[in-house]
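Let me begin by presenting the structure, written as structure tokens, before commenting on it.
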Amino acid sequence: MAKEKKAVEEKVSNDPSSKIEAIKNLIFGENIAAYNSEFEQVKNDIQVKKKILEDLIEDTRKELNQAIDNLSTDVNIRITELEDNLNDKIETLDTNKVDKKTLGDLFISLGEKISQK
């Protein structure tokens, strides 16, 4: 420990900018290295968790886009089916419905036939 103090004192006297560093080393010494190590571990853990979250977000984004595409396809199919059903109903109504003009002509014709007999 005495050698360390002597080395620190020599540094302090030679370089004024290292005075703060020397004082810091005397006060905290080994604790600084331990803190730096712990901070690096925390930093690495944060980076790993950040990467995991980014991957999870990307996977979720892909799943949502796929679900939206599937839903869009399903909606388009159902709309097409509804249009086809509507067209079928319209055709059925057209064939079952008698046009008013045609019905009028038929009544006139029937009336003429009745009056001729």
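Distance between the 7 Å Cα→Cβ label points at Lys101 and Glu58: 6.8 nm. A dipole drawn for segment 2-116 from +1 and -1 charges on Cβ atoms has a positive end, and of Leu93, Gly29, Val48 the residue lying farthest that way is Gly29. In segment 32-99 the Cα-Cα distances spread across 5 Å bins starting at 0 as 3, 13, 8, 10, 7, 8, 7, 6, 7, 5, 5, 4, 4, 3, 3, 2, 2, 1, 1, 0 percent of all pairs. How many percent of all Cα-Cα pairs in segment 2-116 sit more than 16 Å apart? Tail of the P(r) past 16 Å holds 82 percent of the pairs.
Note on segment 62-117: lysine pairs with Cα distance below 21 Å, sequence gap of 8 or more or different chains, count 4.
Each value in this text was obtained by applying a stated rule to the coordinates, not by laboratory testing. This is a predicted model, so every value here is computed, not measured. Using ideal geometry, Cβ is built from the backbone for each residue, glycine included, and neighbour counts are taken over all protein chains shown.
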